[in-house]
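> One structure coming up, written as structure tokens, with questions to follow.
The values are calculated or read from the model by the stated rules, or taken from the named source; none is laboratory data. Since the structure is predicted, the reported quantities are computational estimates derived from the model, not experimental observations. Don't worry about glycine lacking a Cβ; one is built from the backbone with ideal geometry, like all the others, and counts go over all protein chains shown. Accessible surface is based on the protein model in full, side chains and every heavy atom, while ligands, DNA and RNA are left aside. Shrake-Rupley method; radii C 1.70, N 1.55, O 1.52, S 1.80 Å.
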Amino acid sequence: MPTTVPAYAATSATAPLEPTTIERRDVGPHDVLIDIAYAGICHSDIHTARGEWGGIDYPLVPGHEIAGVVREVGPEVTRHAVGDHVGVGCFVDSCRECDNCRAGQENYCLKGETGTYNGVGRDGKPTAGGYSTAIVVDEHYVLRIPAGLGLDVAAPLLCAGVTLYSPLRHWGVGPGTKVAIVGLGGLGHMGVKIAHAMGAEVTVLSQSLKKQEDGLRLGADHYYATSDPETFTALANEFHLIVNTVSANLDLAAYLGLLRLDGTLVEVGLPENPLTVPGFALLTNRRNLSGSKIGGIAETQEMLDFCAEHGFGADVEIIAADRINEAYERVVASDVRYRFVIDVSTLTA
Ligand code: NAP
Ligand code: ZN
Ligand code: ZN
């Protein structure tokens, strides 16, 4: 019998999220039933719930930074056992056959990976995310949370952590690399921690100097305000890699101007409007512009193990479920230090 569980859902693009109940499928042979302990609030939850990317079937239960404990496993499950600490990120399935899935890059599944929410599962039913007390997921898409990482600080690693880890690894960041992280929010603060742990020289480019002390504590070597035009002169041709986590459209030409020869600007932020890039800003210094989307399952596991080894999770503010709407407003106002995480035990129908 499918299980009915309490959840929090958006019912339209403009209404506040509210308590509801949803059904979770029976535990199949390869499934893991997870009691969710914590769910992070990613800015993508807000973009999606508010219809900023279009195409939403309401009601929508967001949440793709899920950490919890295994309650039950199907008879064929080999990777996880009852009582294990586990996580689920942005997708819960993929085709498993395309070149990208075979290469372990399920995040780029050519047939489209199944979103943890706002997707359609193999059973043909809409998927629902982590703002709920339990979830059933195929074992392949469930990650091990290493001992030593609290479930609360681990939850945001499942999206924010891997979304920054993946490009930093892909572009070979390490000692001698000058990296800039644009925007010190949920993604950005993980970028600072991870790039620092990889040995890079890290600069934060934030709208103001309000969070400078935090940025330096998180591992940045330098901190600049982008509201000061001097910043763009002082840092011209400086960086090997810039990772832009900003959720609004920026003047990309100004940021491209900060890249040295063959440097790369990676877009991970997803603003509502298309990006505008003047050709000259790319030709100079043979610059590259790229994007990066979360990470594959193996890479997500590697990131979790990396964070545990280096002794850090996310910096979180834990909230009760009835503060989700207030948290959304604060994220949109860049007033988050540095990830809101819902204590799912406060979630009742
Ligand atoms: P967030 O916590 O709101 O952080 C974004 C940061 O960007 C803010 O804290 C702020 O930092 C800066 N910012 C916001 N508005 C700005 C503006 N108008 N001008 C300049 N800077 C601004 O959001 P998040 O959860 O980190 O997500 C960031 C973006 O990444 C979202 O668009 C989200 O959808 C996207 N995302 C993409 C992926 C992927 O796979 N590529 C995965 C997850 C999320 P300062 O105050 O320091 O300036
Ligand atoms: Zn996310
Ligand atoms: Zn695939």
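> Any idea how far apart E317 and D35 come out in nm if each label point goes 7 Å out from Cα toward Cβ?
Once both label points are built, they end up 2.9 nm from each other.
> Also: Can you quote the Å³ per residue value for the convex hull of the Cα atoms in the range 88-131, rounded to an integer?
Details: hull volume 2.8 nm³, N = 44.
That works out to 64 Å³ per residue.
> Taking 0.36 nm per residue of sequence separation and subtracting the Cα-Cα distance, how much length would be gained by fully extending the chain between V277 and E18, in nm to one decimal?
Values: separation 259, 0.36 × 259 = 93.24 nm, distance 3.99 nm.
The V277-E18 span can extend by a further 89.3 nm.
> Summing Lys, Arg as +1 and Asp, Glu as -1, what charge do residues with Cβ under 12 Å from the Cβ of I56 carry, I56 excluded?
On the way: positive: R50; negative: D45, E52, D57.
Once positives and negatives cancel, what remains is -2.
> What per residue convex hull volume, in Å³, comes out for the range 52-159 when only alpha-carbon positions are used? Write out the running numbers ahead of the final one.
Numbers: hull volume 13.5 nm³, N = 108.
Enclosed volume per residue, from the Cα hull, is 125 Å³.
> Just to check I understand the Karplus step: with θ = phi - 60° and J = 6.51 cos²θ - 1.76 cosθ + 1.60, what whole-Hz values come out for the range 227-233, glycine and proline as x?
Going residue by residue, I get 6, 9, x, 4, 4, 6, 7 Hz, with x marking Gly and Pro.
> Quick one: if you stick a label point 7 Å off each Cα along the C-beta vector at S290 and A253, how many nm between them?
2.5
> Could you work out the percent of alpha carbon pairs in the chain separated by over 39 Å, rounded to a whole number? All intermediate terms of the calculation are to be shown ahead of the outcome.
Numbers: 7417 of 60726 pairs.
Counting pairs separated by more than 39 Å, the tail of P(r) holds 12 percent.
> Okay, moving on. Using the alpha carbon gyration tensor of the range 1-126, what are the three equivalent-ellipsoid semi-axes (square root of 5 times each eigenvalue), largest first, in whole Å? The partial results should precede the final answer.
Numbers: eigenvalues 116, 79, 36 Å².
For the range 1-126, the ellipsoid semi-axes come out as 24, 20, 13 Å.
> Across the range 91-250, what fraction of all alpha-carbon pairs, as a whole percent, falls in each successive 5 Å bin from zero upward?
With 5 Å bins starting at 0, P(r) equals 2, 8, 14, 17, 16, 14, 12, 9, 6, 2, 0, 0.
> Further question on the same structure: Obtain the radius of gyration and the Kirkwood radius of the range 251-310 from its C-alpha atoms and give Rg over Rh. Provide the component values of the computation, followed by the final result.
Working: Rg = 15.2 Å, Rh = 13.6 Å.
We get a ratio of 1.12 for the range 251-310.
> With no solvent and one equal point scatterer per Cα, compute the Debye intensity ratio I(q)/I(0) for the range 283-349 at 0.11, 0.14, 0.20, 0.23 Å⁻¹ and report its log10, rounded to two decimals.
-0.49, -0.72, -0.98, -1.00
> Report, as a whole number in µm² per second, the diffusion coefficient that Stokes-Einstein gives for the range 147-238 at 10 °C and 1.306 mPa s using the Kirkwood radius over alpha carbon pairs.
On the way: Rh = 13.6 Å.
Estimated diffusion coefficient is 117 µm²/s.
> Okay, moving on. Can you tell me the alpha carbon radius of gyration of the range 231-349 divided by the globular rule-of-thumb value 2.2 N^0.38 Å? Don't skip to the answer; put the middle values down first.
Values: Rg = 18.4 Å, N = 119, 2.2 N^0.38 = 13.5 Å.
Taking the Cα Rg and dividing by 2.2 N^0.38 Å, one obtains 1.36.
> Something else about it: On the accessible surface of the chain, probed at 1.4 Å, how many percent belong to carbon and sulfur atoms? Numbers along the way, then the final one.
On the way: 7390 of 14630 Å².
Here it works out to 50 percent.
> Enumerate the calculated ³J(HN,Hα) couplings along the range 193-208 in order (Karplus 6.51 cos²θ - 1.76 cosθ + 1.60, θ = phi - 60°), each rounded to whole Hz, writing x wherever the residue is Gly or Pro.
Result, ordered by residue: 4, 6, 4, 4, 5, 7, x, 7, 8, 10, 10, 9, 10, 10, 4, 9 Hz.
> 7 Å from Cα along Cα→Cβ at both D335 and R260: what's the point-to-point distance in nm?
Label-label distance for D335 and R260, simple model: 4.0 nm.
> For the range 1-52, restrict the atom set to alpha-carbon positions and state the Rg and Dmax in Å.
Answer for the range 1-52, Rg first and Dmax second: 13.7, 39 Å.
> Let me ask something else. What residues have an amide H closer than 5 Å to that of G263, excluding those fewer than 5 places away on the same chain, when H is modeled at 1.01 Å from N in the peptide plane?
Excluding prolines and chain starts, which carry no amide H, the hits are N288.
> Could you go through the range 178-184 in sequence order and give the Karplus-derived ³J(HN,Hα) for each residue, using 6.51 cos²θ - 1.76 cosθ + 1.60 with θ = phi - 60°, rounded to whole Hz, and x for Gly and Pro?
With the stated coefficients, the range 178-184 comes to 9, 10, 10, 10, 9, x, 9 Hz.
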